[in-house]
Amino acid sequence: MSETEFASAPTTATAPSYGAPAYPSYPQPAQAPQPMQAPVQYGPPVPGAVPAPPPSNAGWAVAAVVFFWPLAFAAFNHSSSVYPRWALGDYQGAQYASDRAKQLGKISLGLAIGLGVLFFILYGVIIAAAISGIEDSTSGY
């Protein structure tokens, strides 16, 4: 077809109707939404049920990097081994690795706070000694 044939082709402005009937709207009963509740398990755990994976506590491993980096190596090692242990079926090992990463992060935070307090105490003692040394040297005249 040439360009003149396209230009002379009739155009329609209305959309085609497919003849589908409109769906009627039914009134909905007024009900309060029910809160979702977790299922409660009674009795001993079901054999063969897979527990949810524990958190990796990677945030605590990052805290170990920020506050006391020597513990960060072990924290990241434990943090990164949570999911592989869980996937292999070692659920207790995965939980231990998760708890250990969290514990190492908290230890590094405690060490950073303790070292910070010790630094400020030592800094205060040095300033006090410097001030008393200045007073002693000026009072000798």
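Structural remarks
- Residue match in the stretch 116-131 (condition: in contact (Cβ under 8 Å) with a residue 40 or more places away in the chain and part of a helix (DSSP H, G or I)): no
- Within the stretch 52-102, the residues that satisfy the criterion of being open to solvent by 40 Å² or more (accessible area, probe 1.4 Å), polar (S, T, N, Q) and without any contact (Cβ under 8 Å) to a residue 24 or more places away in the chain are N77, Q92.
- G89 satisfies every condition listed in (1) in a helix (DSSP H, G or I); (2) at pLDDT below 95 except (1).
The values are calculated or read from the model by the stated rules, or taken from the named source; none is laboratory data. From a predicted model like this one, the values you see are computed outputs, not experimental measurements. As a convention, Cβ positions derive from the backbone with ideal geometry for all residues, glycine included, and neighbour counts pool all protein chains shown. Keep in mind that these areas ignore ligands, DNA and RNA; they rest on the heavy atoms of the full protein, side chains included. Shrake-Rupley method; radii C 1.70, N 1.55, O 1.52, S 1.80 Å.
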